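Undergrad: Submitted below is the structure of interest, expressed as structure tokens.
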Amino acid sequence: MANTINPEGKAIISVETEFLGRTLSLEINRVGFRTTASVLARYGDTVVLGTVMVSPNVIENLDYFPLSIDYEEKMYASGKISGSRFVKREGKPSDDAVLIGRLIDRPIRPLWPKGYRHEVQGVATVLSMDPNFRPDMIAMIALSAAFMLSGAPFDGPIAGLRISKKDNEWLAFDTPENLVTSPLDLVVAATENGIMMVEAGANEISETDLVSALNFAFEKLQPAIILQKKLLKKAKTLKQEFSVVKLDESIEIEVEKWLENKLGQNLRKPYPERNDLIKRLRDEMKLFFTDKLGDDEFILKKNDYIEAFEKVLHKDVRKGIIKDKIRPDGRALDEIRPLSSEVGLLPRVHGSSLFTRGITQALNIVTLAPLSFSQVLNTMEKDGERRFFHHYNAPGYTVGEIRRLGSPGRREIGHGYLAERAILPVLPTETDFPYAIRSVTEIMSQNGSTSMAATCSCCLALMDAGVPITAPVSGIAMGLILDGDNPIILSDIADAEDFAGDMDFKVTGTTKGITALQMDMKVPGLKIEILEKALLQAKKGRFAILQHMLSTLDKPRSSISNYAPRVESMHINPDKIREIIGKGGEMIQKITAETNTSIDIKDDGTVMIASPDNERILAAKHWIESIIAEPEVGKIYEDALVVSVLDFGAFVQILPGKDGLVHVSEIANERVNKPSDVLKEGDKVTVKLIAIDDKGRLQLSIKAVNNK
């Protein structure tokens, strides 16, 4: 590689290490001269640029950390031009890119000081993609290294691995093809001290196997963390000066004093009663301090008083759980909120369900369609079709707010994908159920754990639609409160526990095992032993929720909705596909028009025929069978069409595109002088195939039928 001149005269610095069978290298000062920090990460033929920008200024009056992390797919990285006829440049990120951006964001976000309000942006751009493994974990490492080199107060580094299983062995950086068939597709992100994030899709894997995979991942990702530290040492990065926005302690003391004897047992009520009490308390607090300070001064400090109120409330939640082992709504640590569910709510849709847990509520609608309605995938990594897709919507009214409606955000895409991943392992194959399936969860009310409500409602709606899933799936969200070295695990967390807690942990599965998993830490590093304990407690909760679901609908309905299209599949010799399609598509268009059906043909010879009317499907099927049928000597063909009459006989069509000759001597027992005396074009006759000569010509007989 030729040398690149750095305009600032900085030497190009590179470090490398052997990492799970390939060389991982991190390089700085070659590109990205005006960024706060940029790192080129190379692994195999994959090259990812991680760039970071950190604003030197604090954004005032902001109540959150303005961090954004994006993952950019570039089609050129995989040697592709977009398959879209009209759009040839990258635009809106694919769902995969959004999900990977979230995957990188989640372990990084908690590792910044509380109150840090400098704007920070991280972008991972895939410049070259080795097709032998997914590039997302290299992107995570590249961004982590860039954050470390920025001089900002990032408490890293982190690294991530994607783990699969083959021949009873755990593997990292497996091929995309093997990931599809692996019983586990697991992403683990960690610091040197503990796990920060876990996400998995699994084929009913056991808790024991999952813990084994976590241990493997945590051990094997450590060299990537060591390499980042080595790069940091060589780069001699200077720490940036920064300030954090801190709540005025005097305001917190004032609010805490005002709330004295108003929290604790007074608020331990079921939702939504607890939420109403808190709203009333907040309004009373505003009135009290407005009267005390005056309108103008309180308006200036209003946000500080509200923040102090929330902070004291969170302390009270933690205190109740740690000291009294009682949760904000009075539940025991492993108690699940009241459950209710129903199916078949919406008369004209193909399947529907309403699942309610506490005041979290999810309405799910399932729509079935022919496989031609599958989603076409054309991204940097993927080409193909997606036949099952789950979409998640949560408008402002679900949290009691007024919000402008718009396209789904990163949270909606992430929650939708988690529920989709939970259900995928139990879906029937295309052969057994040749349908495209769209599932939409409309959240009706939010109070924590909506993605798990979406999973449960999706499962019930699929069964209501008659989709023959192999096993029902339920899901639960778990929480964690760390009391020193003592972890307190909570089942089925609500918003109050999520906001005040140290972990958000979601797990879905069947009675056999886990199908999906997502865990995010809010404090640095989780020991695997704690996660194992949470998994076992979650299993008990999942089973309790599943029993409730089965009391509503214990198995898929025996047939699909009357309003859903019927789809029947058949298999033909792939060599015959051309005959069914016909010249310029003439034959397939004729079949679909005359039978009023929709027909999809795959390259392997699978033919799907769809229509609400079974008789129309049968007509199309018989038509196709007649096209692909091979003439059989000795077989009698009824309603054969006379296509031409000549002096020596008549040509008769016994099958589409299959004509044979009825010689004049084979028309009747008595002598026929002129075939036209007996037959004319358009007549329907019954003939017998008596021979096929060495040139494939068919010899037919009407006489042989009459003499049988």
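Undergrad: Taking the condition of being assigned to a loop (DSSP other than H, G, I, E, B), of a type in the set (D, E, K, R) and either within 14 Å of MET452 (Cα to Cα) or not assigned by TED's automatic domain parsing to the domain that holds MET452 (or both), how many residues in region 337-364 meet it?
TA: The first filter runs over region 337-364 and keeps only residues assigned to a loop (DSSP other than H, G, I, E, B), leaving 337-338, 344-350, 358-359.
Narrowing further to those that are of a type in the set (D, E, K, R): 337, 348.
Restricting the remaining residues to those that are either within 14 Å of MET452 (Cα to Cα) or not assigned by TED's automatic domain parsing to the domain that holds MET452 (or both) gives 337.
Result for region 337-364: 1.
Undergrad: Tell me whether region 569-576 contains one or more residues that are assigned to a strand (DSSP E or B) and within 28 Å of the chain's Cα centre (by Cα).
TA: Step one: list which residues in region 569-576 are assigned to a strand (DSSP E or B), which gives 569-571.
Subset that is within 28 Å of the chain's Cα centre (by Cα): 569.
Looking for residues that are assigned to a strand (DSSP E or B) and within 28 Å of the chain's Cα centre (by Cα), one finds at least one in region 569-576, hence yes.
Undergrad: Let me ask you something else. In region 636-659, what count of residues is obtained for those that are under 11 Å from LYS684 (Cβ atoms) and small (Gly, Ala, Ser)?
TA: Residues in region 636-659 being under 11 Å from LYS684 (Cβ atoms) and small (Gly, Ala, Ser): 1 in total.
Undergrad: Can you name every residue in region 381-423 that is of a type in the set (A, V, I, L, M, F, W, C) and part of a helix (DSSP H, G or I)?
TA: If we filter region 381-423 for residues that are of a type in the set (A, V, I, L, M, F, W, C), which is where we start, we get 388-389, 394, 399, 402, 405, 413, 418-419, 422-423.
Across region 381-423, the qualifying residues are VAL399, ILE413, LEU418, ALA419, ALA422, ILE423.
Undergrad: Still on this structure, please answer the following. Looking only at region 153-179, which residues are small (Gly, Ala, Ser) and crowded, with 24+ Cβ neighbours inside 10 Å?
TA: ALA159, GLY160
Undergrad: I've got another one for you. Go through (1) in contact with a Pro (Cβ under 7 Å, 6 or more places away or on another chain); (2) polar (S, T, N, Q); (3) more than 30 Å from LEU517 (Cα to Cα) one by one and return the number of the condition GLN228 breaks.
TA: In the conditions (1) in contact with a Pro (Cβ under 7 Å, 6 or more places away or on another chain); (2) polar (S, T, N, Q); (3) more than 30 Å from LEU517 (Cα to Cα), GLN228 misses (3) alone.
The rows are residues; the columns are (1) buried (at least 17 other Cβ atoms within 10 Å of the Cβ); (2) part of a helix (DSSP H, G or I); (3) among the hydroxyl-bearing types (Ser, Thr, Tyr); (4) free of Cβ contacts under 8 Å to residues at least 60 places away in the same chain.
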site	(1), (2), (3), (4)
VAL523	no, no, no, no
ALA534	yes, yes, no, yes
GLY584	no, yes, no, yes
ALA593	no, yes, no, yes
ASP603	no, no, no, yes
ALA610	yes, no, no, no
HIS622	no, yes, no, yes
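Undergrad: Give the number of residues within region 386-399 that are surrounded by fewer than 15 Cβ atoms within 10 Å (Cβ to Cβ) and either within 21 Å of ILE423 (Cβ to Cβ) or in the same structural domain as ARG134 (by TED's automatic domain parsing) (or both).
TA: Total meeting the criteria: 1.
Undergrad: Looking only at region 564-575, how many residues end up being buried (at least 17 other Cβ atoms within 10 Å of the Cβ) and touching a helix residue (DSSP H, G or I) at 6+ places or on another chain (Cβ under 8 Å)?
TA: At the first step, the residues of region 564-575 found to be buried (at least 17 other Cβ atoms within 10 Å of the Cβ) are 564-567, 569, 572.
Add one more test, that the residue is touching a helix residue (DSSP H, G or I) at 6+ places or on another chain (Cβ under 8 Å), and what stays is 566-567, 572.
Residues flagged as buried (at least 17 other Cβ atoms within 10 Å of the Cβ) and touching a helix residue (DSSP H, G or I) at 6+ places or on another chain (Cβ under 8 Å) within region 564-575 amount to 3.
Undergrad: Now for a different question. Could you list all residues from region 479-507 that are in contact with a Ser or Thr (Cβ under 8 Å, 6 or more places away or on another chain) and at positive phi?
TA: Answer for region 479-507, where residues must be in contact with a Ser or Thr (Cβ under 8 Å, 6 or more places away or on another chain) and at positive phi: just ASP492.
Undergrad: Within region 254-272, track down each residue that is touching a helix residue (DSSP H, G or I) at 6+ places or on another chain (Cβ under 9 Å) and charged (D, E, K, R).
TA: First, the residues of region 254-272 that are touching a helix residue (DSSP H, G or I) at 6+ places or on another chain (Cβ under 9 Å): 254-256, 258-259, 262-269, 271.
Those that are touching a helix residue (DSSP H, G or I) at 6+ places or on another chain (Cβ under 9 Å) and charged (D, E, K, R): GLU254, GLU256, LYS262, ARG268, LYS269.
Undergrad: Still on this structure, I have one more. If a residue has to be of a type in the set (Asp, Glu) and at pLDDT 95 or above to count, how many in region 212-249 make the cut?
TA: From region 212-249, those of a type in the set (Asp, Glu) are 219, 241, 248-249; that's our starting set.
Imposing the further condition that a residue be at pLDDT 95 or above reduces the set to 219.
The total comes to 1.
Undergrad: Name the residue that is nearest to VAL54 (Cα to Cα), counting only residues in region 74-123 that are hydrophobic (A, V, I, L, M, F, W, C) and assigned to a loop (DSSP other than H, G, I, E, B).
TA: Going through region 74-123, the residues hydrophobic (A, V, I, L, M, F, W, C) turn out to be 75, 77, 81, 86-87, 97-100, 103-104, 108, 111-112, 120, 123.
Filter once more, keeping what is assigned to a loop (DSSP other than H, G, I, E, B): 81, 86-87, 112.
Working: ILE81: 33, PHE86: 37, VAL87: 33, TRP112: 13 Å.
Within region 74-123, the match that is nearest to VAL54 (Cα to Cα) is TRP112.
The values are calculated or read from the model by the stated rules, or taken from the named source; none is laboratory data. It should be emphasised that the depicted structure is a prediction, and the values quoted were computed from it without experimental measurement. Quick reminder, even Gly has a Cβ in these numbers, built from the backbone with ideal geometry, and neighbours come from all protein chains shown.
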